[in-house]
Every structure is written in structure tokens, then in C-alpha cells.
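Notes for the one structure printed next.
Where a number appears in this text, it was derived from the coordinates with a stated rule and is not lab data. This structure is a prediction, so every number in the text was calculated from the model and none was measured. Methodologically, a virtual Cβ is constructed for each residue, glycine included, from the backbone with ideal geometry; neighbour enumeration extends over all protein chains shown.
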Amino acid sequence: MSSREAVSRQAFDDYFIPMFAPAPFIPVRGEGSRVWDQAGRDYIDFAGGIAVNALGHAHPELCRTLQQQAGQLWHLGNGYTNEPVLRLARQLVEATFADKVFFCNSGAEANEAALKLARKYAHDKAGAGKCEIVAFSNAFHGRTLFTVSAGGQPKYAQDFAPLPAGIFHVPYNDLEAARAVIGPRTCAVIVEPIQGEGGVVPADLAFLRGLRELCDAQDALLIFDEVQTGVGRTGALYAYMEYGVTPDLLTSAKALGGGFPIGALLATNRHATALSVGSHGTTYGGNPLASAVADTCLSIINTPDVLAGVRERHEWFLQGLAQINAQYSLFSEIRGRGLLIGCALAPAYAGKAKTLTNYAAEVGLLALIAGPDVVRFAPSLIIPQADVEAGLERFALAVARLVQG
Ligand code: PLP
């Protein structure tokens with residue numbers, strides 16, 4: 001029996017290694033794009049569990065899939081395969097450039113696998129000297145030692161030194177800077193099509209095209225980290241499809257499971273065989289529970305209606321935010337694609353993004369930040385129009401409070 005006594009937010013401070021600072025309230029239930037806390041207060045969810053709850057909370061088809069699978073088979077380990085993971089793999093391969101997939105449990109693990117695959121491919125083909133990885137300032141790729149090292153935010157890595165060597169960072173969207181470091185020793189370039197945590201900054205098309213050419217010229221693998229942009233978030237199934245630039249490896253997580261943890265690495269036949277039996281692995285990756293949910297989630301999202309709905313919702317947000325900004329002049333730019341939207345604070349409000357999302361929570365709106373100067377929205381891809389409108393009304397209250405001091 002698990003302990004069922006009442007708990008309060010204080011228990012977090014009492015029992016947790018203090019690496020998070022959760023809100024003072026505790027959400028206990030969610031439905032669609034609404035969440036309720038212990039006191040019964042409701043919140044409109046523009047955060048989507050950090051771009052994860054792509055179908056909102058308690059989506060009936062995801063619940064049905066999870067319950068069915070829970071009564072059937074949870075876990076066996078990778079000494080056996082299972083039906084849900086085979087279906088999910090087939091669906092991902094049929095929907096994308098990929099021929100092969102590897103499943104894990106998070107975005108960081110998917111990127112870890114991608115970087116290891118790229119090193120191994122180059123090692124086997126060209127020897128140990130071809131080991132360098134090019135990445136970008138302000139990038140975010142996860143929290144394992146390899147992925148914080150590839151990430152472009154030194155504060156997440158520097159105190160954990162010594163770090164994996166051979167990783168070079170250049171400014172994002174700066175093709176000439178990338179050209180200067182990508183050479184014969186480069187085994188991989190890892191890039192987010194839109195930098196999410198780094199401030200919701202979309203890549204320029206010429207930048208991604210240029211990276212593709214440089215990787216081809218140097219026989220380096222182009223890795224798209226689509227952990228945040230993938231599975232419908234931008235209005236395409238994956239952002240690479242909109243850009244028309246195809247990577248060699250793609251990582252996916254977050255929305256793939258709609259809230260159930262899963263990550264995936266997608267590859268072509270050409271590179272996939274670099275990881276042979278025993279060279280990499282996972283206990284839980286590809287387990288039947290996560291795979292069944294992801295299979296259902298992906299099949300719901302990968303439809304013309306849902307993807308067009310994301311683009312339509314983008315316009316609702318942009319119109320509403322433009323109205324708020326016309327009144328308060330708080331933002332210098334509103335950017336992003338689909339339902340990954342960043343509101344960059346004007347210089348007078350620099351550093352106030354967290355204050356604004358705290359005010360938002362106080363009036364019943366869950367929102368994200370992307371660095372100190374950007375408020376980020378990553379709601380359900382099927383959020384109803386009434387919730388968008390009501391959420392923006394609440395956001396306007398938080399904005400007014402910030403502006404009026
Ligand atoms: N890559 C990107 C682009 C992300 O946005 C994130 C998480 O925010 C990650 C990787 C890490 O994913 P996870 O937290 O599931 O390990």
C-alpha cells in the first residue's frame with residue numbers, strides 16, 4: 001500500500017534534492033487545457049507540461065490506450081520485443097525520412113544516443129580523429145553530461161567539469177561561424193530547428209541549408225534536435241518538413257508520448273548500423289506502456305486536421321498577443337511557429353519573464369519562460385478557442401500588473 005496521508009507543498013522542501021523551485025500550489029487534476037489544484041482553483045494551461053501534453057490532459061483515447069495496455073503487459077526489457085513498439089516504429093518510419101528508430105525515455109537520452117551514434121559512425125569509418133561535434137550557443141539538448149556539454153549554456157555544464165572533449169560552439173544562425181569550424185575532423189553538427197529553451201528562436205532557412213551542405217561536404221552527420229519542435233508543435237509533424245532540410249539523425253521526445261515519458265532517435269539505414277548489438281542500450285526504452293501511448297498519440301496528431309489546427313491556433317495567439325501589446329507595449333517581439341510561441345520582453349522589462357509567469361499563475365494561467373527575457377507558450381495542440389481567449393484575458397491581467405508595477 002502506498003502512503004495516502006495528506007501532503008502539502010512543504011514536503012517538497014523537506015524531502016527533495018533542491019534542484020527545482022515548483023509553484024506554491026499543487027495541481028491534482030487536469031482535463032483538456034484546464035488544471036485544478038488542491039484547493040479546487042482552476043488554471044488554463046498554456047505551458048503544456050513544457051511542450052509535452054500535446055493532446056491536453058486526460059485525452060480519452062490516450063487514457064483508453066494506457067488502461068488497456070496496463071492490463072496487458074508493462075515491461076519485459078529488450079531481450080524481447082513487443083507489439084506496441086513495433087507498431088510505433090513502423091508508424092514513425094512511414095511518417096518521416098527515417099528507416100530505423102531507437103527508443104529511450106527522454107529527450108536527453110535520445111540526444112545522447114544520437115551523439116554516440118555519430119561518434120561511432122565516424123570512428124568506424126574514418127578513425128578516432130574524426131570525433132568533433134559542432135553545436136550552438138544557447139542550445140539546449142538535455143542534462144546528461146554529454147548533452148549539457150553539447151548545449152550552449154555554460155552555466156549548466158561548467159561546474160561538472162571535466163566535460164567530454166571535442167565539442168565546439170558557434171553562434172546560432174551564423175553560417176559563416178559554422179563554416180569556420182566544420183572541417184574534416186567534424187563527425188556531427190547538432191542543432192534545434194527552433195531554439196526552445198534558448199528563447200524560442202527559429203533557425204533561418206539559409207542557415208539550415210548551409211549546415212546541410214557543410215555536413216555533406218565533410219561527411220559529418222546533421223542531427224536535428226526536435227525534442228521540443230517535433231510531433232506537430234510547429235504545425236508540421238516535424239519542423240524539418242516545413243524547412244525542407246532533411247537531417248541524418250533526428251531526436252524526438254516530449255509530445256511523442258503526450259505526457260508519458262518516451263524518447264526516440266530516428267536514423268537512415270546508412271548510419272543506423274553504426275550501433276550494433278551491445279554497443280548502446282536501455283532497460284526501459286521501448287517498453288509496451290510508453291510505446292502504446294505514443295503510437296496512439298502520434299496517430300492522432302499526424303492528421304491534416306490537427307496540424308492545420310495548430311497553424312490556426314498560432315493565428316489566434318498572435319492576434320490576442322498583438323492586442324495586449326498594443327495596449328501595454330511590453331514585448332519587443334512575438335515569435336515562433338505553430339504552438340511554440342515566445343514573447344520577448346522589451347528592454348525596460350529585461351529579466352522579468354519569471355515575475356510575469358508568477359503573476360499569471362496567480363490569476364489562473366500556467367505559462368513558461370525561455371530564459372529571463374522571454375515568456376513562452378507551448379499549449380495543447382488541440383486547445384479549444386474558448387480556452388485560448390480566456391487564457392489570454394488572464395495573461396492580460398498579469399501583464400497589466402507588471403506594467404503598472
Ligand atoms: N532537447 C531539447 C530541444 C529540449 O527542449 C529538451 C528539454 O527541454 C531536451 C532536449 C531534453 O529533454 P528531456 O528533458 O526529456 O531530457
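Using alpha carbon centroids, what distance separates region 206-244 and region 253-281, in Å?
Region 206-244 and region 253-281 have Cα centres separated by 17 Å.
Taking the Cβ of Gly129 as the center, what net charge do the other residues with Cβ under 15 Å away carry, scoring Lys and Arg +1 and Asp and Glu -1?
+2
Taking R0 as 56 Å, what FRET efficiency do you get between Glu242 and Glu5 from their Cβ-Cβ distance, rounded to the nearest 0.05?
Plugging the Cβ-Cβ distance into 1/(1 + (r/R0)^6) gives 0.65.
Run lengths n ≥ 4 of DSSP H only: what is the helix-derived mean residue ellipticity at 222 nm for the chain, with -39500 (n - 2.57) per run over all residues, to the nearest 500?
-12000 deg cm²/dmol
May I ask for the distance between the Cα centers of region 284-336 and region 156-186, given as a whole number of Å?
So the two Cα centres are separated by 30 Å.
Provide Ser252, Ser106, Ser276, Ser3 in ascending order of the number of other Cβ atoms located within 10 Å of each residue's Cβ, fewest first.
Listing Ser252, Ser106, Ser276, Ser3 from fewest to most nearby Cβ atoms yields Ser3, Ser276, Ser106, Ser252.
If you look at just the Cα atoms of region 61-301, how large are its Rg and its Dmax in Å?
My reading of the Cα-based Rg and Dmax gives 17.3, 55 Å.
Say the dipole of the chain comes from +1 at the beta carbon of Lys and Arg and -1 at that of Asp and Glu; which of Ala122, Ile369, Pro27 then lies farthest toward its positive end?
Ala122
Return the whole-Å distance between the Cα centroid of region 125-139 and the Cα centroid of region 371-398.
One Cα centre to the other: 38 Å.
If you take the C-alpha gyration tensor of the chain, multiply each eigenvalue by 5 and take the square root, what semi-axes do you get, largest first, in whole Å?
Equivalent-ellipsoid dimensions as semi-axes: 33, 27, 20 Å.
May I ask what percent, to the nearest 5, of DSSP beta bridges between residues of region 61-301 are antiparallel?
Among the beta bridges of region 61-301, antiparallel pairing accounts for roughly 45 percent.
Once you charge only the Cβ atoms, +1 for Lys and Arg and -1 for Asp and Glu, what is the size of the charge dipole of the chain about its Cα centre, to the nearest 20 debye?
It comes to approximately 400 debye.
Among Gly56, Gly281, Val403, which residue has its Cα furthest toward the positive end of the charge dipole of the chain, with +1 on Lys/Arg Cβ and -1 on Asp/Glu Cβ?
The residue sitting most towards the positive pole is Gly281.
Name the residue farthest towards the positive end of the dipole of region 268-368 from the options Ala290, Leu345, Leu318, assuming +1 on Cβ of Lys and Arg, -1 on Cβ of Asp and Glu, about the Cα centre.
Leu345
Counting DSSP beta bridges in the chain, what percent are antiparallel, to the nearest 5?
In the chain, DSSP labels about 65 percent of beta bridges as antiparallel.
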